[in-house]
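The structure appears right after this line, and notes come after that.
The values are calculated or read from the model by the stated rules, or taken from the named source; none is laboratory data. Since the structure is predicted, the reported quantities are computational estimates derived from the model, not experimental observations. Please note: Cβ atoms are built from the backbone with ideal geometry, for glycine as well, and neighbour counts cover all protein chains shown. Protein only, heavy atoms only, side chains kept; ligands, DNA and RNA dropped before computing areas. Shrake-Rupley method; radii C 1.70, N 1.55, O 1.52, S 1.80 Å.
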Amino acid sequence: MQCAGGPLRLRTDSQMRWSFKIGEISGIAIKIHFTFVFVVIWAVAEGASGWGGIRGALFAAATILLLFACVTLHELGHGLVARRLGIGVKGITLLPIGGIAQLESLPKKPADELLIALAGPAVNFVLAIGLGLTLALGEGADLFLSLGYLSQSYGLLTGTRSVLSLIIYLLGANLILGLFNLIPAFPMDGGRALRALLATWTSFPRATRIAARLGQVIAVGLILLALSPVGSVSLVLVAVFVFTGASFEDQAVQAQAILHGLRVRNALPMRTVRAVAPDDSLSKVMELNFHNHPYGFPVVRGGVLVGLLSRNDLLATIRQAGGQVRVEQAMRRDYPIVAPDDHLLHAQQLIARTGFSMLPVFDKGYFMGLISLEDINRAYANFSWRRQ
Ligand SMILES: [Zn+2]
């Protein structure tokens, strides 16, 4: 049972559609993927045939549920540390091959990602120590007997020996969970920790590329191991998950890095801008060709930009007050401006926040043109396409 680790946002959003909520811990929703039900059914069938009868089946069901409780605690370790560091947690989803903690954003600092990644395995090691202490103490005390009595009274387990074997099993499982997740196969926890360490001396995209490639090499190794006599179906699933997950997250990080690198000048359209005067009537503006000005016009007096006339304001004012109204009565004066070297993301956020359909671009006091959301989206599409 492997934890898939951190924020596989885009990937998991589609996977998670088939999951349902079973509860909430510290405000974090715990969800179960429908395929999880098959794991419990399989375990119960194995228990019934292996140990025999209804008791065997119940024992197997209890074991698998306790095991997934450990997986849930592992994911909670990621989630609670992430939340402590100011990152929202969408929820925890349990899948047949492990759990996933869905974070709302990537940790910004490598140290934060390191802490979040290591928190999961740390929980398993704490659980293993706790179970080990229980075993050690139980040797001398009557703990096993009392546990056995407790379980017998619930009719769940078959006696002191099964409690003992259950504790030993969970102890081993937690050690394996902790150690397996520390394998540096990105996007597993160890791989995330590795990326965080790499990101302290190189860029985040490069650190991700290196960690993802190593993750894929290890995934191939895991598939070879899965085909050997000690292999299992779940190992194949984990290997496929690691291989595709590494590629997916790497691509997302590289694309984002490129988009972050785009500037306003990369999206500034190469078209002639027709300006209107503050004294023009709106009906005169309506006669102009809108083809090059789908969002509106700059308003210029004496070579200086004095306002913006958006198409929406133009049409709304004509509807209310008629075409004889002058441009300066319909234009806006409180518009934000951007520079060619500003990040495109900044311009996009300005448009989203202020509701202006276009932004004037100024280069050292010179008006360069207008940039709209459409221009920004076109630049993003062009650059992502050119990358491929
Ligand atoms: Zn984990």
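The table that follows gives values for the structure above.
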quantity: Test: residue in the range 293-306 that is at pLDDT 90 or above and within 30 Å of Leu222 (Cβ to Cβ); calculated: no
quantity: Members of the range 259-277 that are under 17 Å from Leu308 (Cα atoms), touching a His at 6+ places or on another chain (Cβ under 8 Å) and loosely packed, with under 15 Cβ neighbours inside 10 Å; calculated: Arg274
quantity: Close pairs (7 angstrom Cβ cut-off, 6 or more residues apart or separate chains): among the polar types (S, T, N, Q) in the range 361-375, open to solvent by less than 50 Å² (accessible area, probe 1.4 Å) anywhere; calculated: Ser372/Ser357; Ser372/Met358
quantity: The range 338-357 residues that are on the phi < 0 side of the Ramachandran plot, paired with ones that are surrounded by 17 or more Cβ atoms within 10 Å (Cβ to Cβ) and of a type in the set (S, T, N, Q) (beta carbon under 9 Å, 6 or more apart); calculated: Ile351/Ser357; Ile351/Ser372; Phe356/Ser310; Ser357/Ser310; Ser357/Ser372
quantity: Subset of the range 102-141 [within 23 Å of Ala185 (Cα to Cα) and of a type outside the set (A, V, I, L, M, F, W, C)]; calculated: Gln102, Glu104, Ser105, Pro107, Lys108, Lys109, Pro110, Asp112, Glu113, Gly120, Pro121, Asn124
quantity: Lone qualifier among Leu80, Leu58, Leu67 - being more than 18 Å from the chain's Cα centre (by Cα), under 24 Å from Leu131 (Cα atoms) and open to solvent by 20 Å² or more (accessible area, probe 1.4 Å); calculated: Leu58
quantity: Single residue of the range 180-220 satisfying the filter (assigned to a helix (DSSP H, G or I) and within 12 Å of the ligand (Cβ to nearest atom)) that is surrounded by the fewest Cβ atoms within 10 Å (Cβ to Cβ); calculated: Phe180
